[in-house]
Amino acid sequence: MIDSKLPGVGTTIFTRMSALANECGAINLSQGFPDFDAPQALLDAMSRHVLAGHNQYAPMAGLLSLREQIAAQLLLHRDVNCDPDSEITVVPGATEGIYCAVMACVARGDEVIVLDPCYDSYEPAITLAGGRAVHIPLALHSFGVDWQRVADAITPRTRLIMVNSPHNPCGVALSLEDMLQLQDLVERHNLLLISDEVYEHLVFDGRQHHSALQFPALRQRCFALFSFGKTYSVTGWKTGYCVAPPALTAELRKVHQFVCFVAVTPVQLAVADFMAAAPDYPATLAAFYQHKRDTFCSALRGSRFRVTPSAGTYFQLLDYSAISDAPDRELAEDWTRRHGIASIPISVFYEEPPQQHYLRFCFAKTDEVLLQVAERLCEI
Ligand code: PMP
Ligand code: GLN
């Protein structure tokens, strides 16, 4: 046969838990996706473009009309200037963009710092590029970054740091102080940065999202990744974009053109139309999802879970240590079968899982579903 390039890797937890949820007829709060539809105008635009025959290849870097809308929104929402031509690449999902960015900048023997729990696609990309992931755990319970520990892990072989804010699965967000510490490290050690900001618009309680693009020294060495799947509730359309300075973008595109070549044409046209017609739509998401978070958390008040409301993303961690000391993987499967609720165990996102008891629940669901799930959880 062949020697596996990813010997430790199996099928992702998202695939496994969604399959188990389907098999058991459980309510699926595991894999992150909305159970409601995208804005009607976006769906209409998609079918209009398909039926109008816009079904052939787009330009490799993405349709210019969409890249112009992205640049306009970065200016509107983040006060960031980007050149659509040389700094923005439309990608078939942030996952592909992350993979291409890693391939573009990690060489054999390079070390890449990741913060655990860490999104599952990062390490396989690093490994396939010939690099080595160096895992630094976030603090127990608060999930804050220990920047001293990050600094101590930097060696002459360190090439890249990967961060994700708002953070999946923990629902925390990097503060201004965090960003300044990150900037200091990246600049001092001449590192590159991949900043995964796919949940950028989902931040709660009046918080501001801090994009790496807003910090001059980060902006110069950063690939920032975004996903229309999250912002427009179309995870199945698998389309996002990468913003990076021209030299980094050129290298990203060299890889992207041979991994996927282009993102899907009618999706790009539809999103460009929607962005032009509703530029303020992303600013409505924080209140929309904060309401869902609050509906879910309030309904859990009578339960035995310890709940710290998420600061961002559409994920809520629940600490079940007062209920069980079973490992989270076992419990997630058991509760899917026994209570009909599927969730995600977060230990799978660690190199060395710490002694903690959390399950992740996706609250991008209708209020009825959230209340139904909470009712079942209150009985456990
Ligand atoms: N990064 C994180 C942290 C995510 O949660 C996701 C969601 N799947 C992605 C990247 C990938 O996004 P996409 O579906 O656009 O590939
Ligand atoms: N990012 C989504 C989540 O965290 C799932 C993506 C996937 O299924 N690969 O649930």
For the chain, give the percent of accessible area contributed by carbon and sulfur heavy atoms, probe 1.4 Å, rounded to a whole number.
52 percent
Which value, in debye to the nearest 20, gives the size of the charge dipole of region 317-363 about its Cα centre, when Lys and Arg are +1 and Asp and Glu are -1 at the Cβ?
260 debye
Sorted by chain and then number, the residues having a modelled amide H within less than 5 Å of the amide H of THR158, at least 5 places away or on another chain, are GLU111
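Considering Cα pairs under 8 angstrom that are at least six residues apart, work out the relative contact order of the chain and quote it in whole percent. Please list the in-between numbers first.
Working: 725 pairs, mean separation 96.0, N = 380.
Over the chain, the number comes to 25 percent.
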Rounded to the nearest 5, what is the percent of antiparallel bridges among the DSSP beta bridges in the chain?
45 percent
Magnitude of the charge dipole, the chain, Cβ model with Lys/Arg +1 and Asp/Glu -1, debye to 20:
340 debye
Report the Stokes-Einstein translational diffusion coefficient (µm² s⁻¹, integer) for region 232-380, Rh taken as the Kirkwood radius over Cα pairs, at 25 °C with viscosity 0.890 mPa s.
133 µm²/s
Per residue value of the accessible surface for region 59-211 (all protein chains in place, 1.4 Å probe), Å²
37 Å²
Loop-located trypsin sites (Lys or Arg not before Pro) in region 288-329, at most 11 other Cβ atoms within 10 Å (DSSP)
ARG301
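If ASP85, ASP3 are ordered by their accessible area, calculated over protein heavy atoms with a 1.4 Å probe, which sequence runs from highest to lowest? Please list the in-between numbers first.
Values: ASP85 95, ASP3 140 Å².
Ranked from most to least accessible, the order is ASP3, ASP85.
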Can you find, among ALA153, VAL259, THR235, the residue sitting farthest towards the positive end of the charge dipole of region 147-278, where Lys and Arg contribute +1 and Asp and Glu -1 at Cβ?
VAL259
Connecting every pair of Cα atoms under 10 Å apart in the chain and solving the GNM, the largest mean-square fluctuation among ALA71, ALA52, ALA151 falls on ALA52
Can you pull the Rg over Rh of region 89-215, Cα-only, Kirkwood?
0.94
Globularity ratio of region 1-143, using Cα Rg and 2.2 N^0.38 Å:
1.36
Which lysines, on any chain, are close to LYS254 with Cα under 24 Å apart, when same-chain ones fewer than 8 places away are left out?
LYS5, LYS238
Provide Rg and Dmax in Å for the chain, with only Cα atoms included in the calculation.
20.3, 57
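The values are calculated or read from the model by the stated rules, or taken from the named source; none is laboratory data. The structure presented is a predicted model; accordingly, all values stated were derived computationally and were not measured. In this analysis, Cβ positions are derived from the backbone assuming ideal geometry, glycine residues included, and neighbour counts consider all displayed protein chains. Note: accessible area is taken over every heavy atom of the protein model, side chains too, but ligands, DNA and RNA are not part of it. Shrake-Rupley method; radii C 1.70, N 1.55, O 1.52, S 1.80 Å.
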